[in-house]
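Before any comments, here is the structure.
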Amino acid sequence: AQKITQTQPGMFVQEKEAVTLDCTYDTSDQSYGLFWYKQPSSGEMIFLIYQGSYDEQNATEGRYSLNFQKARKSANLVISASQLGDSAMYFCAMREGAGNQFYFGTGTSLTVIP
Amino acid sequence: NAGVTQTPKFRVLKTGQSMTLLCAQDMNHEYMYWYRQDPGMGLRLIHYSVGEGTTAKGEVPDGYNVSRLKKQNFLLGLESAAPSQTSVYFCASRKRAGELFFGEGSRLTVL
């Protein structure tokens, strides 16, 4: 079974609008961490935001927030006030408990339309 | 701010040739990783290391070998390259807790 599932291969959003990128995860561990990365066309991987499984509040970093719904095992990334520079691939990832491996989803390609 | 540096950035090989990708990090991180990225498949873990002198297999280790002789370096070797190993390779490192820091990637083409 896939550890991380991203069901949206591509998304479009109007500039200045908000957009939600979906991520669901599969684990039986009680302790785990969830991460989002951005990969622009230049290719580098940029860390955006982290959510721990025991964190009671949803994580926020500037225009990025993570909508964490533990019972549904979802960790959706919300980007508010989209900008043209937000056009990129976005990857969701998870590290389980004391494990060392990070599991990545297949990514969502976001295009921001002027 | 070097962070994680990968060399070379680009390489073209013929089937059967060997090569080594070098990853160097200057953040004193314990953990280092090699991933490959292929279209539609996200990032898949090849090998990783939890400290100097230790390595472990990831999800897709076949055809690759690694070594971590120094804490700051993690080498990925292809002994006999195959066209299926055409990919973009990413090295990453992290502290005990926290996110992965990635290198810029190395694009390898095997003809």
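The values are calculated or read from the model by the stated rules, or taken from the named source; none is laboratory data. All values reported here derive from a predicted model rather than from experimental measurement. Glycine gets a Cβ as well: all are built from the backbone with ideal geometry, and neighbour counts include every protein chain shown. Remember, those area values only see protein heavy atoms, side chains included, never the ligands or the DNA or RNA. Shrake-Rupley method; radii C 1.70, N 1.55, O 1.52, S 1.80 Å.
Tabulated data for the structure shown
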item	result
The one condition in (1) out of contact with any Gly (no Cβ under 6 Å at 6 or more places or on another chain); (2) open to solvent by 50 Å² or more (accessible area, probe 1.4 Å) that A:Asp86 fails to fulfil	(2)
Condition check for A:Thr20: open to solvent by less than 70 Å² (accessible area, probe 1.4 Å) and part of a loop (DSSP other than H, G, I, E, B)	no
Residue in segment B:88-105 that is among the charged types (D, E, K, R), open to solvent by less than 10 Å² (accessible area, probe 1.4 Å) and more than 8 Å from every other protein chain (Cβ to nearest Cβ) present	yes
Of all residues making up segment B:31-62, the number that are at the interface with another protein chain (Cβ under 10 Å from one of its Cβ atoms), within 12 Å of B:Phe74 (Cβ to Cβ) and in contact (Cβ under 8 Å) with a residue 24 or more places away in the chain	4
Among residues of segment B:58-74, those that are in a strand (DSSP E or B) and crowded, with 19+ Cβ neighbours inside 10 Å, counted	2
Number of the condition not met by B:Ser84 [criteria: (1) within 13 Å of another protein chain (Cβ to nearest Cβ); (2) loosely packed, with under 14 Cβ neighbours inside 10 Å]	(1)
Hits in segment A:50-90 (condition: of a type in the set (Ser, Thr, Tyr) and in a strand (DSSP E or B))	A:Tyr50, A:Thr60, A:Tyr64, A:Ser65, A:Ser74, A:Tyr90
